[in-house]
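What follows is a short report on a single structure.
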Amino acid sequence: MGRLEDLRINAYLSEVARGYKNNAFVADALFPTIDSESEKIDIFEFNKEAFQVYNTERAIRANSNVMSPKGFNKKSATLTEHDLAYPIDYREEDESKKVKLQLHATNVVTEGLKLKHETQCADLVQNLNNYPSGNKVTLAGTSKFTNKNSDPLGVIDDAKDAVAGKIAQDPNTMVIGNESWKVLKRHPQIVGLISDNKNKLVTLEFLKEIFEIPNIYIGKSVFVDENGNFVKVWKDNIVLAYTSPLSSRTEYDPAFAYTVKKKNSLNIDEYRKEGNKLKYIRATDIYTPFLVGPEAGYLIYDANQ
């Protein structure tokens, strides 16, 4: 196969990788992507000067009312390269159609990069130390949602009030670990809110209505540990956050988190090593997830028994 055809296949596989999406992954809901032209970036921290009440009345011929800008806190960071390669023996390639085997390899390495991103984000938002005082709670005893007398609605309302009190915005996104979701949808307080003329089944749409949070996702992704056991990425925790809409998001918004990604950095290529009979299909991406405004989020930790 000629060099030109190899380049065409690599470009095609890169497009496959960019369009690939695993429905189990939910980190993008909390860490929406901002593209960057360079690997070195500036992170801006939200301030409250837009919410102050100013003296705006002006008499005839008087000077204008000039505010004293507080400016922005800024820190610089560098994005991280991630890559993963899948080996293909020449005999395996001979026994299959080339592009089909490369498509399989592309999906595997792309899945690997995306799972890494999912675990990075989950680790950040499920760490109590990453939240300020008042933006987290650890449930214990009868407050755990596995107790039928617990008050999930009250806990959620307290979380929403805490976020609104810090950024003047209600949280609009929630990620629920699958174990917590299984308990919540059977909780007598939640089920009891369903009207008699409806099927007594708690759905995500119903949860969005009663919690007044428009975007709710269930974290179901898993990874395999060194002993071959499946481990849940999202524990029995619930994360609430305010995330800016895609259409208007900038680095100045009071957003909880985002992933800064070098523009068009997800690419698939192939390479060989001298002296062996393997071809490697490699996925490369350049990104870093940042928890930029922890006051715009809230962690409900250890919700189950």
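The values are calculated or read from the model by the stated rules, or taken from the named source; none is laboratory data. Since this is a predicted model, take the numbers as computed values, not measurements. Note: ideal-geometry Cβ built from the backbone for every residue, glycine included; neighbour counts use all protein chains shown.
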Among strands (runs of 3 or more DSSP E) completely within region 154-248, the ones holding 3 or more residues that are buried (at least 20 other Cβ atoms within 10 Å of the Cβ) and among the β-branched types (Val, Ile, Thr) are 173-177
For residues in region 138-153 being out of contact with any Ser or Thr (no Cβ under 9 Å at 6 or more places or on another chain) and in a loop (DSSP other than H, G, I, E, B), which is nearest to Lys182 (Cα to Cα)?
-> Thr146
Note: among Thr259, Thr284, just one is surrounded by fewer than 19 Cβ atoms within 10 Å (Cβ to Cβ) and either within 26 Å of Gly177 (Cβ to Cβ) or modelled with pLDDT of 85 or more (or both), namely Thr284
Sort out which residues of region 171-204 are under 20 Å from the mean Cα position of the chain (by Cα) and either modelled with pLDDT of 95 or more or farther than 20 Å from Pro32 by Cβ (or both), and write them in order of number.
-> Pro171, Asn172, Thr173, Met174, Val175, Ile176, Gly177, Asn178, Glu179, Ser180, Trp181
Members of region 63-91 that are modelled with pLDDT of 85 or more and either loosely packed, with under 10 Cβ neighbours inside 10 Å or of a type in the set (S, T, N, Q) (or both) = Asn63, Ser64, Thr78, Thr80
Listed residues Leu113, Leu101; which is crowded, with 16+ Cβ neighbours inside 10 Å and touching a His at 6+ places or on another chain (Cβ under 7 Å)?
-> Leu113
The lone condition Ile300 fails out of (1) modelled with pLDDT of 90 or more; (2) surrounded by fewer than 20 Cβ atoms within 10 Å (Cβ to Cβ) is (2)
Residues satisfying the stated conditions in region 211-244, i.e. in contact (Cβ under 8 Å) with a residue 60 or more places away in the chain and farther than 21 Å from Gln120 by Cβ | none
Scan region 147-197 residue by residue and report those that are among the acidic types (Asp, Glu) and without any contact (Cβ under 8 Å) to a residue 12 or more places away in the chain.
-> Asp157, Asp161, Asp196
Filter result for Gln102 (farther than 30 Å from Gln305 by Cβ and either over 20 Å from the mean Cα position of the chain (by Cα) or assigned to a helix (DSSP H, G or I) (or both)) | yes
